[in-house]
1. For the stretch 37-127, what number of Lys pairs, 8 or more residues apart or on separate chains, have alpha-carbon atoms under 19 Å from each other?
2. HN-Hα J couplings of the stretch 82-91 from phi, Karplus 6.51/-1.76/1.60, θ = phi - 60°, integer Hz, Gly and Pro as x?
3. Using θ = phi - 60° and the Karplus form 6.51 cos²θ - 1.76 cosθ + 1.60, what ³J(HN,Hα) does each residue of the stretch 45-60 get, whole Hz, x for Gly and Pro?
4. Could you give the length gained on full extension between Arg81 and Leu58, defined as 0.36 nm per residue of separation minus the Cα-Cα distance, in nm?
5. How large is the direction-averaged shadow of the alpha-carbon convex hull of the stretch 70-113, in nm²?
Amino acid sequence: RPLIPRTWAHPRIFLLLDTFLSKSWRRSIRAKEKEMEKRHTLEHKAERKKFRAEARKLKEHHQAIIDRLLAKCVDERQRLREAISRRMAKVELQQNRSTQTLQEDIESSVQQMEGAWTEHKRLEEEQKDSFAKA
């Protein structure tokens, strides 16, 4: 239904008015479309910004978890290294003691063998002397 009744004016004037009105409607519709596009663009920007903020927050959360796990692993590794060092020191001490005991036993055996050899030589000399006297 036209806005201006046909009875008011000549048909050509009506056509001009109708064209003018349709141009103004097109302008207003186009302006509304631009406004909607602008609003949509702003909403899209806000959504992207919100998404990036949430992603950053999630990344920081996971990074904190990873940092805690790494710190825990480093502490555990250090604790294990210290335990291994203590065990190695204990083994070294025991090995030194057993080596020392073994050396003492060897020295004692050598002294006994030297004593036995000396006694054997003395007995041989004594036996030679006794044969020489007889």
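1. 6
2. Per residue, the Karplus-derived 3J(HN,Hα) values read 5, 5, 5, 4, 4, 4, 5, 5, 5, 4 Hz.
3. Karplus-based 3J(HN,Hα) across the stretch 45-60 equals 4, 4, 5, 4, 4, 5, 4, 4, 5, 5, 5, 4, 5, 5, 5, 4 Hz.
4. 4.8 nm
5. Hull-based average projected area comes out at 2.6 nm².
Values quoted throughout were computed directly from the atomic coordinates according to the rules given, and no laboratory measurement underlies them. Note that the structure is predicted; figures quoted are calculated from it, not measured.
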